[in-house]
Every structure is written in C-alpha cells, then in structure tokens.
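S.K.: Below is a structure I'd like to ask you about.
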Amino acid sequence: MTFQTAINSQLREYLYSPLQAALLSFLVGTIALAVLVFFQPVEKPNLEMLKQIPWFLWLGGFLGVYAISFSIYTAPKLGFLTLSGLIIFGQIVMSMIIDQFGLLGTEKTSINWQRLLGGVVIFTGVLLTLQR
C-alpha cells in the first residue's frame with residue numbers, strides 16, 4: 001500500500017487533484033481486473049445474480065475511492081510512515097469493533113487485554129513517528 005500511495009501521490013503532481021490521480025489509478029486497476037476476470041475459468045455472474053447482492057456489499061468500491069483519494073491527499077502532508085501507522089492503527093481499531101460485535105456477518109470475538117494492549121502499542125508507535 002505504501003508503494004501505491006507513493007506512486008499515486010507522484011501521479012497527483014502531473015494531474016490537477018488527488019481525485020483525478022485516484023481515477024486514473026482505479027481505471028488502470030479496473031482494466032487489469034477486467035482482463036484477469038475475462039480469462040478466469042469460472043462462471044461469470046449475470047444481471048439477476050448481481051441484483052441479489054445486498055446493497056451494503058456494493059459499498060466496498062466507495063470505501064476504496066475514499067481510502068485511495070485520502071491517502072493521495074494526506075501522504076505528502078503527514079509522511080508515508082505516519083500515514084501508514086495511522087492506517088494500521090485504524091484497521092486494528094475497526095477490526096476489534098467488528099470482532100467484538102460480530103458485524104458484517106462475522107463471528108463474535110471479544111476484545112481482551114492483549115488486543116487492547118496491541119492497539120495501544122501501535123498507537124504509541126504512531127505517536128513516535130510524528131516526531132521528525
């Protein structure tokens with residue numbers, strides 16, 4: 001992800017905004033995925049199958065746009081180490097919340113002191129990266 005953010009941040013310098021850099025990045029990724037899916041030897045979904053997908057499962061693409069655009073905008077300001085640390089910390093916090101409550105159809109896994117301590121250690125590490 002750090003390489004992707006670094007490349008997309010440089011791409012932004014050639015374009016007019018982080019959103020345009022993200023669009024070009026997603027366009028290239030979409031073309032690559034389309035080629036891979038085309039040659040993948042599995043059945044392709046039809047329109048009826050796509051209609052059966054719960055609405056919230058379509059949000060992944062929007063979340064990807066947010067994550068990539070945000071990283072393109074933020075990385076040059078915070079630095080790659082701090083941004084990566086914040087992303088990792090955010091992922092751990094959300095993972096603990098999802099596990100604790102069994103959200104999105106996952107199995108419930110209670111937060112214990114080891115998990116909390118791990119989150120605190122990572123947050124402390126993020127704070128240390130802020131010192132330049």
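The values are calculated or read from the model by the stated rules, or taken from the named source; none is laboratory data. Everything numeric here is computed off the predicted structure, so don't read it as measured data. Don't worry about glycine lacking a Cβ; one is built from the backbone with ideal geometry, like all the others, and counts go over all protein chains shown. Heavy atoms of the whole protein, side chains included, go into the accessibility calculation; ligands, DNA and RNA do not. Shrake-Rupley method; radii C 1.70, N 1.55, O 1.52, S 1.80 Å.
S.K.: I want to confirm something. Restricting to segment 1-46 and keeping residues that are of a type in the set (Val, Ile, Thr) and over 18 Å from the mean Cα position of the chain (by Cα), which single residue is nearest to GLY61 (Cα to Cα)? Give the derivation first.
M.R.: So the first thing to find is which residues in segment 1-46 are of a type in the set (Val, Ile, Thr), and the list is 2, 5, 7, 28, 30-31, 35, 37, 42.
Filter once more, so that each one left must be over 18 Å from the mean Cα position of the chain (by Cα): 31, 35, 37, 42.
Details: ILE31: 15, VAL35: 18, VAL37: 17, VAL42: 22 Å.
Looking at the filtered set, the residue picked out is ILE31.
S.K.: Additional query: Scan segment 59-69 for residues that are aromatic (Phe, Trp, Tyr) and surrounded by 10 or more Cβ atoms within 10 Å (Cβ to Cβ) and jot them down.
M.R.: Initially, segment 59-69 is screened for residues aromatic (Phe, Trp, Tyr), giving 62, 66.
If the condition is that a residue be aromatic (Phe, Trp, Tyr) and surrounded by 10 or more Cβ atoms within 10 Å (Cβ to Cβ), then TYR66 is the only one that fits.
S.K.: From the list PHE56, PHE89, PHE26, which residue is touching a helix residue (DSSP H, G or I) at 6+ places or on another chain (Cβ under 9 Å), open to solvent by 80 Å² or more (accessible area, probe 1.4 Å) and either within 27 Å of THR124 (Cβ to Cβ) or part of a helix (DSSP H, G or I) (or both)?
M.R.: Going through PHE56, PHE89, PHE26 in turn, the sole match is PHE56.
S.K.: Further, regarding this structure: Among the residues of segment 29-52, is there at least one that is part of a loop (DSSP other than H, G, I, E, B), within 19 Å of LEU104 (Cα to Cα) and of a type in the set (S, T, N, Q)?
M.R.: yes
S.K.: If the Cβ limit is 6 Å and pairs must be 6+ apart or interchain, which residue in segment 111-129 that is over 14 Å from VAL93 (Cα atoms) pairs with which residue that is open to solvent by 60 Å² or more (accessible area, probe 1.4 Å)?
M.R.: If the second residue must be open to solvent by 60 Å² or more (accessible area, probe 1.4 Å), the pairs left are THR129/LEU81.
S.K.: Which of the residues spanning segment 32-53 are loosely packed, with under 10 Cβ neighbours inside 10 Å and either within 30 Å of ILE88 (Cβ to Cβ) or among the basic types (Lys, Arg) (or both)?
M.R.: Once the filter is applied, which keeps residues that are loosely packed, with under 10 Cβ neighbours inside 10 Å and either within 30 Å of ILE88 (Cβ to Cβ) or among the basic types (Lys, Arg) (or both), segment 32-53 yields LEU36, LYS44, LYS51.
S.K.: In the list THR129, THR82, THR74, which residue meets the criterion of being of a type outside the set (Gly, Ala, Ser), at pLDDT 90 or above and surrounded by 11 or more Cβ atoms within 10 Å (Cβ to Cβ)? Can you show your working first?
M.R.: Working: THR129 fails: at pLDDT 90 or above; THR82 fails: at pLDDT 90 or above.
Going through THR129, THR82, THR74 in turn, just one is of a type outside the set (Gly, Ala, Ser), at pLDDT 90 or above and surrounded by 11 or more Cβ atoms within 10 Å (Cβ to Cβ): THR74.
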